[in-house]
Amino acid sequence: MRTGELLGAGRSADVYALDEKWVLRRYRDGMDATPEWAVMCYLSAHGYPVPRLGPRDAATPRHDLVLQRLTGPTMLRALLSGDLSAAEAGALLAGLLAELHTVPARLSPRPEDRILHLDLHPDNVMLTPGGPVVIDWSNTGEGAPAVDRAMSSLILAQVAVDPRSPASAGARALLDALVPHLSASGGIPARHLAEAASHRTANPTTSPHEMALVPRAASLITELTA
């Protein structure tokens, strides 16, 4: 598929402009995007805020996704610019997790399982004129909602305890704002925090430096939820 301007580059995929309405998300390693597309279709049918999906057929390369071109900053950019406070972002992030966890699992036979994002953090939320939209469903899974709550907290905590990160203070402020909302939604039991930590360290895009921060990050979450 012919692409236009490179709009963004993540750890595993690049996003290119197609026209004013659509973008192409392409995995560099050829990872199959079909499962991600299926989950996003399912979530869209349940009214969850994901980007609209373009057509996909047998001719579509397996590593490509055609997605709605969104306008507006990421939650991270809004936090850094001061347009969004940590308190506002914490409530919004918790609300998006809670809303997601009302959607039943698509494949799991266990009635208590839900769709999980497993990477829901401020850089994966776009603040569009029509409301927040959650992007990047490459890590999605199914299981206990507490694992998703733990993962979002763990990602923030890793930044908060990282002495190299200029965003550590902001991440800690957001984590402090987020945790009370998550506690009200069911909290983060120790076994689910351990499961999230295991997922995090097993992710091939996690750097050795980030892996080394996981135990300290998990300890911080345990302190905040005690």
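The values are calculated or read from the model by the stated rules, or taken from the named source; none is laboratory data. Since this is a predicted model, take the numbers as computed values, not measurements. Heads up, the Cβs are rebuilt from the backbone with ideal geometry, glycines too, and the neighbour counts pull from every protein chain shown. Accessible surface areas use protein heavy atoms only, side chains included; no ligands, DNA or RNA. Shrake-Rupley method; radii C 1.70, N 1.55, O 1.52, S 1.80 Å.
When a/c is below 1.5 the answer is rounded, else prolate if a/b is larger than b/c, else oblate, so apply that to segment 130-206 with a ≥ b ≥ c taken from the square roots of the Cα gyration tensor eigenvalues.
Since a/c stays below 1.5, the shape of segment 130-206 is classed as rounded.
In the elastic network of the chain, a GNM with C-alpha springs shorter than 10 Å, the most mobile of N139, N203, N124 is N203.
Measuring with a 1.4 angstrom probe and ignoring ligands and nucleic acids, L76 comes out at about 70 Å² accessible.
Tell me what the chain gives for mean residue ellipticity at 222 nm when only DSSP H runs of n ≥ 4 count, each as -39,500 (n - 2.57), the sum divided by the residue total, rounded to 500 deg cm²/dmol.
On the way: 7 runs with 98 residues, N = 226.
It comes out at -14000 deg cm²/dmol, rounded to the nearest 500.
Sorting T206, T201 by accessible area puts them as T201, T206; the probe is 1.4 Å, largest comes first, and only protein heavy atoms count. Of interest is the spacing of the C-alpha centroids, which for segment 149-165 and segment 192-215 amounts to 10 Å. Each of H181, G47, W22 was placed along the dipole of the chain (beta-carbon charges, centred on the mean Cα), and the one lying farthest toward the positive end is W22.
Expressed as a fraction of 2.2 N^0.38 Å, the rule-of-thumb size for a compact globular protein of N residues, what is the C-alpha radius of gyration of segment 94-226?
Its radius of gyration relative to the 2.2 N^0.38 Å reference: 1.01.
Excluding ligands, DNA and RNA, the accessible surface per residue across the chain is 49 Å² with a 1.4 Å probe. For the chain, a Gaussian network of Cα nodes joined below 10 Å ranks R106, R149, R164 by mean-square fluctuation, and the top entry is R164.
On a C-alpha basis, how far is the centre of segment 94-144 from the centre of segment 23-45 in Å? Whole number, if you could? For segment 94-144 versus segment 23-45, the Cα centre distance is 14 Å.
For segment 1-158, what is the charge dipole size about the Cα centre, in debye to the nearest 20, if Lys and Arg each add +1 at the Cβ and Asp and Glu each add -1 at the Cβ? Please list the in-between numbers first.
Details: 15 positive and 19 negative charges, 43 e Å.
That gives segment 1-158 a dipole magnitude of about 200 debye.
Which net charge results when you count Lys and Arg as +1 and Asp and Glu as -1 among the other residues whose beta-carbon is under 12 Å from that of H117? Numbers along the way, then the final one.
Working: positive: R114, R149; negative: E36, E99, D119, D136, E142, D148.
Neighbourhood net charge equals -4.
Between T34 and T201, the contour length at 0.36 nm per residue exceeds the alpha carbon distance by 57.7 nm. Here's the picture: charge each Lys and Arg Cβ at +1 and each Asp and Glu Cβ at -1 in the chain, and of H101, V66, L80 the one pushed furthest to the positive end of that dipole is V66.
Of the heavy-atom accessible surface of the chain (probe 1.4 angstrom), what whole percent is carbon and sulfur? Percent of accessible area from carbon and sulfur atoms in the chain: 56.
When the GluC sites (Glu not before Pro) in segment 1-109 are filtered for DSSP coil states and for at most 10 other beta-carbon atoms within 10 Å of their beta-carbon, the remaining sites are E5, E20. The figure for Y42 is an accessible area of roughly 50 square angstrom, using a 1.4 Å probe on the protein chains alone.
Which shape class applies to segment 1-145: rounded if a/c is under 1.5, otherwise prolate when a/b exceeds b/c and oblate if not, where a ≥ b ≥ c are the square roots of the Cα gyration tensor eigenvalues? Note, shape of segment 1-145 comes out oblate. Mean separation of Cα pairs under 8 Å and 6 or more residues apart, divided by the residue count, gives the chain a relative contact order of 16 percent.
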